[in-house]
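Trainee: Have a look at the structure that comes next, please.
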Amino acid sequence: MGLGALSDGLAPTPPMGWNSWNRFGPFVSERLVLETADALIESGMQGLGYRYVVIDDAWHESVRDDNGDLTENRWAFPHGLRWLADQIHGRGLRFGLYTDAGTRTCQGYPGSLGHEASDAAKFARLGVDLMKVDWCHTAGLRGRTTYPTWTEAILATGRPMVLSISEWSRDRPWEWAGTVGHMWRTTPDIADTWESVVDIAERQVPLHAFAGPDHWNDPDMLEVGNGGMTEDEQRSHFFLWAMLAAPLMAGNDVRTMSDATRAILTAPEVIAIDQDPLGQQGRRIRRTASTDVWARMLADGSQAVLLLNRGGVRANVRVLWDDLDTFGPRMAHVRDAWERADVGPRDGWYDRTLAPHAAALLKVTPL
Ligand code: GLA
């Protein structure tokens, strides 16, 4: 680890929480954030690890104050962000806040270029636990030379803060971000569509070697519960993110979510795969025109296996024990992580016939 590395143990497993952007865009407020924090607790999400409450873009005033500081929009945040951070911390949650590495944020608010040290210090004073640093209005900058400035700025504050690098994979962040930040976006923005989920999954295929404890590929925030996908599609999206050891940032309205949405976001054995302490990102081990098999080694010596039907018609998807690295024995025990039910011992392989865009998430343990 080089000088100024952020490999500080703050993110031993992929960070989990909620972020305002996917569902609320620029319409953020104190009330939304507080109600969401309460809903994270009441829904059981906090207990399962969703602990970062992240305010994304557009929390600001459109100009810096007389001291040159970013300031919150007082109409939206009447008690101020320091007060809000205290409320969040008082609930046992952590506070995340957004800025941008360029001259302006994506929504046109003041950016942090040239203000990295003072803005990081301001965030630390506010009680921020996670900084998302975005990449709009960065003409002429490169990610690999810009983000280390943020690493230094955060270290100089003395406050542990997760650095969430949001440069959309422009400068191949997996090559350099491992010691610069705790997580880095590997794609352009997700959309609430099946096509977007499949496109993002495809882009993760070559990236598994770059992730591990304290340094995670980030295929972007969740769209579960936002209305654009069927229940099967949302489950497949969540299962894929678990296989990818992705940060799990809920992006929906957790105050009003349906039981079906809640069931997906709180599926304990799916979350356990995402949060497995080995931190090994899943690999795609088989692909046909319409199906995928992904596998992920787990700390207890078993493997998580995802059977996925990308196609528009029913499909049978099979995993062979021979295709799973390190599997010697022919017999293995299969458990369905979504159903939370044992399938039983299987000799050599297992298969499932899946509806269009559906998936099965399994835990396979050699016997
Ligand atoms: C970019 C980021 C998003 C979100 C918006 C906010 O598009 O990639 O995640 O932060 O900006 O404007």
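Taken together, the values in this text are just the output of simple stated rules run on the coordinates, not laboratory data. Note that the structure is predicted; figures quoted are calculated from it, not measured. Note that we place each Cβ from the backbone using ideal geometry, even for glycine, and neighbour counts take in every protein chain shown.
Trainee: Can you name the number of the only condition in (1) of a type outside the set (D, E, K, R); (2) closer than 17 Å to GLY251 by Cβ; (3) touching a Ser or Thr at 6+ places or on another chain (Cβ under 6 Å) that GLY102 fails?
Mentor: Every condition holds for GLY102 apart from (2).
Trainee: Might you let me know whether segment 29-41 holds any residue that is within 16 Å of the ligand (Cβ to nearest atom) and buried (at least 21 other Cβ atoms within 10 Å of the Cβ)?
Mentor: Yes, segment 29-41 has at least one match.
Trainee: Name the single residue that is nearest to ASP119 (Cα to Cα) among those in segment 167-177 being under 16 Å from the mean Cα position of the chain (by Cα), surrounded by fewer than 24 Cβ atoms within 10 Å (Cβ to Cβ) and free of Cβ contacts under 8 Å to residues at least 40 places away in the same chain.
Mentor: Among those that are under 16 Å from the mean Cα position of the chain (by Cα), surrounded by fewer than 24 Cβ atoms within 10 Å (Cβ to Cβ) and free of Cβ contacts under 8 Å to residues at least 40 places away in the same chain, it is TRP168.
Trainee: For the structure I just gave you, tell me whether GLY143 is within 18 Å of ALA211 (Cβ to Cβ) and free of Cβ contacts under 8 Å to residues at least 60 places away in the same chain.
Mentor: yes
Trainee: Being within 16 Å of the ligand (Cβ to nearest atom) and more than 30 Å from ILE41 (Cβ to Cβ) is true for just one of THR186, THR151, THR99. Which residue is that?
Mentor: The unique qualifying residue is THR186.
Trainee: Let me ask something else. Of the residues ILE154, ILE190, which is of a type in the set (Val, Ile, Thr) and under 17 Å from the mean Cα position of the chain (by Cα)?
Mentor: ILE190
Trainee: Give me the helices (runs of 4 or more DSSP H) completely within segment 2-116, filtered to those with at least 1 residues that are closer than 23 Å to LEU163 by Cβ and touching a strand residue (DSSP E or B) at 6+ places or on another chain (Cβ under 7 Å), ordered by residue number.
Mentor: 30-42, 80-90
Trainee: Something else about it: Within segment 154-167, track down each residue that is in contact with a Gly (Cβ under 9 Å, 6 or more places away or on another chain) and within 16 Å of the ligand (Cβ to nearest atom).
Mentor: If the condition is that a residue be in contact with a Gly (Cβ under 9 Å, 6 or more places away or on another chain) and within 16 Å of the ligand (Cβ to nearest atom), then VAL162, LEU163, SER164, ILE165, GLU167 are the ones that fit.
Trainee: In the list ASP86, ASP129, which residue meets the criterion of being more than 16 Å from the ligand (Cβ to nearest atom) and more than 23 Å from the chain's Cα centre (by Cα)?
Mentor: Going through ASP86, ASP129 in turn, just one is more than 16 Å from the ligand (Cβ to nearest atom) and more than 23 Å from the chain's Cα centre (by Cα): ASP86.
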